[in-house]
Amino acid sequence: MRYPDGGGLTAEERARREQIRFEAADLIEAGVSDAEVARRFRVTRMSANRWRRALASGGRQALVSKGPGGARCKLDDLQLRLLEAILDGGPAACGWHDQCWTLARIAEIVRRRFGVEYTLAGLDLLLHRIGWSGQVPTRKATERDEPRIAAWKDQQWPVINRGRRTWAPGSASRTRQVRA
């Protein structure tokens, strides 16, 4: 799933949850217990207690949404599109001839082209955000020899995949074998 601003919730969802916290604050100020607040809003008592403590220490301002979670993307939209174009071009276009993108190689490209440092874990998250996955290759190996593969399938595979001999006597019993 892709999130619009890198966080786990949309702006509408954050606003909805903020409204729930404000409604809970009304009940807390009226003297309702944490257990009752939790039951009414279908949250844990721990959440209700956290709201109570935030309200006591910082007032209603402490219940305001703090915005999207997580770090902001270090690349803007144009840079992300350019990075995708570079990745689509393949590693050979960037000087690596084994047709294999690695996180370290992509981090080097991002550092050289955009002057931005990413950890490998952060780069992995960025690639997933733009729809790339490290598990699924998009191309076949350049070393792949199709005629040789076809010949192997025609000549070697039938020998390897030969069926069981059905004419030999057999037994399903492990303790008493059939005599021939």
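Mind checking which aspartates and glutamates have their C-alpha under 15 Å from Lys66, skipping anything on the same chain fewer than 8 residues away? The reachable aspartates and glutamates, counting only those whose Cα sits under 15 Å from Lys66, are Asp5, Glu12, Glu13, Glu18. For Lys153, a cut-off of 23 angstrom between C-alpha atoms picks up these lysines, skipping any fewer than 8 places away in its own chain: Lys140.
If the segment from Arg50 to Leu120 were pulled out straight at 0.36 nm per residue, it would be longer than the present Cα-Cα gap by 21.8 nm.
For segment 28-139, the gyration tensor built on C-alpha atoms gives a prolate shape. Its axis ratio a/c (a ≥ b ≥ c) is at least 1.5, and a/b is the larger of a/b and b/c.
Length available on full extension from Asp88 to Arg16: 0.36 nm per residue minus the Cα-Cα distance, which gives 22.0 nm.
Since every read-out is calculated from the coordinates, none of them should be taken as a lab result. Keep in mind that what you see is a predicted model, and the values were worked out from it rather than measured.
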